[in-house]
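Working notes, structure below.
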Amino acid sequence: MTLGFGTSGVTWADDPAAPAKPAAPSLLDVLTASGLTESGYVAASYYHSNGYNTDHQFDDKHDTFQLDQAALTVAYQPKEGFGALVDVAAGEDMKILNAAEGSNPNTFDIIQGFIQYAKGSLTVIGGKFVTLAGAEVIAPTGNTNFSRSFLFYAEPLTHTGIRATYAVNDTFSVIAGVNNGWNYSSLQTYGSKTGEFGIAWTPNKAFSLTTQAYIGKDDSTPTFYVYPNSNLPYDADKTLIDAVATYNASDALTFVLSYDWGQQKQHAAGYPTLEWNGAAFYTNYAISDQWRVSLRVEYLDDKNGYVTATGIAQTLKEGTLTFGYDPVKSFELRFEGRYDKSTQPSFVRTINQVVDPSTYADNQTEVALQGVYKF
């Protein structure tokens, strides 16, 4: 008789007395245990316009598919002590952001990178961070429309410096900071600084109000004016006052009102004082768990043609309608139509804008499709 060891079909794994093999921890478990948080998104779009989307911040082409942004944020932000946050992104939008910051217009940028210290009601960050101004943000996940407003085009995007936030109580905070300048990552030729000041008031879940101001100097000379003495350095005082009010009428309906006033004043005689102001109204309504609709209407009074870089006074208006469809919570498909109108023919219909001024128009339209995936 031969004993056939191993023919019984019984293995160690089948032994009910054997201890269960522990499951390997997920990356999220490891990050949570360490206090780190991570999030990100990928946004890609196709948009078409009858011109070249003059005075649009990111969607500034004519008929194109593009990777808007692919971003990852990693942060360690304890309630007490030191922490840090890094927000990196790549895509076509980063070319615009780099150019606005005075850097080479490549497709990669560190949107934010700062060290944080928190103690009680005070939080201080130092490094590079996004602006306080405006109702819209750089990340598409924070907006309800695909395109950005004229006000967003006229506002700073990021700052490099130091910012302190003090929570007076659960509903009211005060913010103050000092930055390299309007929108710069590094020192400009004048070496001066811009101060930022803000308050944030949220008396209840339905309403919030933020107001912020930027006051400092700027040496970015507008190229569309002929100045009386080109040997003098351009050294101007630049101010922006911004307010954003948000009202959540219900879980499905939200209203937002944003207002900006800005001025750039040169010290030397003979230079014009540049001034602009504008307002934007937003409403977003959740039709169902998967569908929503968002409407934005706004105006921008560019009194000296500074924002539009034309040197011609004009008033711009626009209306944007966006439908959002979420087949799953992590993904949204956006369908958008936009119409812009100006009191002056300043919108470019062809690339040959300098040689042939007849290509300027007083209106422009855009249709867009964008997909946004969040993780």
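Considering only DSSP states other than H, G, I, E and B, which trypsin sites (Lys or Arg not before Pro) in region 27-127 qualify as loop sites with at most 11 other Cβ atoms within 10 Å?
When the trypsin sites (Lys or Arg not before Pro) of region 27-127 are filtered for loop state and at most 11 Cβ neighbours within 10 Å, Lys79 remain.
Grab the other residues whose beta carbon is less than 11 angstrom from that of Asn277, score K and R as +1, D and E as -1, and report the net.
So the surrounding residues net to -4.
In square nanometres and to one decimal, what's the mean projected area of the convex hull around the Cα atoms of region 266-337?
Directional mean of the projected Cα hull area for region 266-337 stands at 6.9 nm².
Among the GluC sites (Glu not before Pro) in region 35-95, which ones are in a DSSP loop with at most 14 other Cβ atoms within 10 Å of the Cβ? Mind listing them?
Sparse-neighbourhood loop GluC sites (Glu not before Pro): Glu80.
Which of Ala90, Leu122, Ala133 sits closest to the plus end of the dipole of region 90-136, meaning its Cα is farthest towards the positive end, when Lys and Arg get +1 and Asp and Glu get -1 on the C-beta?
Leu122
Got a sec? What order do Trp182, Trp291 fall in by accessible area at 1.4 Å, biggest, i.e. largest, first?
Trp291, Trp182
Around Phe108, what is the net charge, scoring Lys/Arg as +1 and Asp/Glu as -1 over all other residues with Cβ under 15 Å from its Cβ?
After counting each charged neighbour, the total is -4.
Please list the equivalent ellipsoid semi-axes of region 249-371, computed as the square roots of five times the alpha-carbon gyration tensor eigenvalues, in descending order and whole angstrom.
The answer is 35, 20, 11 Å, longest axis first.
How much of Phe323 can a 1.4 Å solvent probe reach, expressed as accessible area in Å² and rounded to 10?
About 80 Å², ignoring ligands and nucleic acids.
The values are calculated or read from the model by the stated rules, or taken from the named source; none is laboratory data. Bear in mind that the values here come from a model prediction, so they are computed numbers and not experimental data. Because the Cβ atoms are built from the backbone with ideal geometry, glycine has one as well, and the counts that use them run over all protein chains shown. With ligands, DNA and RNA removed, areas are computed over all heavy atoms of the protein, side chains included. Shrake-Rupley method; radii C 1.70, N 1.55, O 1.52, S 1.80 Å.
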